[in-house]
Amino acid sequence: MTVRTVIRGVGSYLPERVVSNAELATRVDTSDEWIVERSGIRQRYVAADGQLTSDLAIAAARKALAAAGIDGQAVDLLVVATATPDQTFPATAAKVQAALCRPGIPSFDVQAVCSGFVYGLAVIDNFIKAGQAKTALLIGAETFSRILDWNDRTTCVLFGDGAGAIVVTAEAGEGTTADRGILSTHLHSDGRQHDMLYVDGGPSSTQTTGHVRMKGKEVFRHAVVNLAEAVREALDANKLTAADLDWLVPHQANKRILDSTAQKLGLDPSKVIVTVDQHANTSAASIPLALDAGVRDGRIKPGQLVLMEAMGGGFTWGSALVRM
Ligand code: UT7
């Protein structure tokens, strides 16, 4: 018998305020045409004044718990993937725990920027496989609007706020790829690329929060290579081919990166869940937002094979292969 981490419910939350490309074009020297052509992004959501990452996280988690039919009090492990925490400390997970879960359970944040949700999947899967948790809540939540330089057209048009969550439980499996649950996770990082995508502030350096800085072209180039390798690694480890996949649920940074990964895999573009046009790059929230979109509109069905992959600052990158 193998212990499997099975997704029982998915949920997401986007703030009310929509910021269109046209609105951004009134603030910086850009255009809807440029943003759509280079990134596929049409709009993004921005959290209201006073609306925190934890508020987004809690809203998404409530929906995931409701979808799973599981009470927050039954959760025995809580992980929040975020690069935009409410405060430097304590972890944003502490606020979520106080709102939704039992006191006493382990709760903490995972910081791997845009790869945060994939890193979180690996963390909860390993806790569950080690027998240290039975019901886990994993949330990806971000308020990137708070760390954008709204005068920098090369970054401010690319990111948005949002949150997505899953609830998982430990279930018995056979140890084959026919099992429901997380079948594999693969994580990577390369800190030599630290300066390609970073925030120019922090508690121990500037004592300020800082703003996102990115060498977009370089990041793009690495993303295309790293993600194609990550996808190949996941398939090879499970002795599967792209034809076995029902869905690719990638980190949503740039439509051209999604198209390139699908093309390298020989995967029909209709099998890729794309939401970047709707909410831009929401970092750790983007995979669960896309997953929730696919589940809620009925495209992603129980039993189907889903490959998730992401790449972000660090660099960090990785994949998770999941049978829903
Ligand atoms: O989550 C993981 C991390 N993020 C990513 O994966 C993002 C990776 N990078 C990208 O998505 C793309 O590189 C971008 C969308 C950021 C940029 O697309 P690009 O095709 O690589 O454009 P570029 O950076 O080469 O810029 C082309 C031109 C430049 O002008 P010059 O130097 O050719 O005169 C830029 O200054 O476009 C200019 N530009 C803009 N023009 C209008 C840059 N940003 C804008 C803008 N509006 N917002």
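What to note about this one:
- By the helix-only formula, in which each DSSP H run with n ≥ 4 contributes -39500 (n - 2.57) and the sum is divided by residues, the chain has a 222 nm mean residue ellipticity of -9500 deg cm²/dmol.
- Contact order relative to length of the stretch 234-287, as percent, for alpha carbon pairs under 8 angstrom and 6 or more apart: 42
- Each residue of the stretch 280-290 is assigned a 3J(HN,Hα), and the resulting list reads 6, 8, 9, 6, 5, 8, 6, 5, x, 5, 5 Hz, derived from the Karplus form 6.51 cos²θ - 1.76 cosθ + 1.60 (θ = phi - 60°), x at Gly and Pro.
- Segments 4-16, 65-77 sorted - mean Cβ within 10 Å per residue, highest first: 4-16, 65-77
- Mean Cβ count within 10 Å, highest first, over the residues of peptides 280-289, 313-322, 207-216, 257-266: 280-289, 313-322, 257-266, 207-216
- The packing ranking of peptides 159-165, 52-58, 181-187, highest mean first, is 159-165, 52-58, 181-187, where packing means the average number of other beta carbon atoms within 10 angstrom of each residue.
- Length added when fully stretched, Lys129-Glu37, from 0.36 nm per residue minus Cα-Cα: 28.8 nm
- For Lys129, a cut-off of 16 angstrom between C-alpha atoms picks up these aspartates and glutamates, skipping any fewer than 8 places away in its own chain: Asp76, Glu171, Glu174, Asp179.
- Placed amide H near Leu183: partners under 5 Å, 5+ positions off or other chain: Leu321, Val322, Arg323
- When restricted to Cα atoms, the stretch 113-216 yields an Rg and a Dmax of 17.8, 54 Å, respectively.
- Apportionment of accessible area to carbon and sulfur, the chain, percent (1.4 Å): 51
- GNM flexibility winner over the chain from Ala230, Ala243, Ala253 (Cα, springs under 10 Å): Ala243
- Length-normalised contact order of the chain in % [C-alpha pairs under 8 Å, at least 6 apart]: 26
- Reachable aspartates and glutamates from Lys215, criterion Cα separation under 20 angstrom, eight or more residues apart if same chain: Asp29, Glu37, Asp149, Asp152, Asp190, Asp195, Asp200
- Bridging of Lys63 to lysines at a Cα separation below 19 Å is possible for Lys95, Lys301, once same-chain residues fewer than 8 apart are set aside.
- Three-way shape label, the chain, alpha-carbon gyration tensor, a/c 1.5: oblate
The values are calculated or read from the model by the stated rules, or taken from the named source; none is laboratory data. No experiment lies behind these values; they were computed from the predicted model shown. Quick reminder, even Gly has a Cβ in these numbers, built from the backbone with ideal geometry, and neighbours come from all protein chains shown. Note: accessible area is taken over every heavy atom of the protein model, side chains too, but ligands, DNA and RNA are not part of it. Shrake-Rupley method; radii C 1.70, N 1.55, O 1.52, S 1.80 Å.
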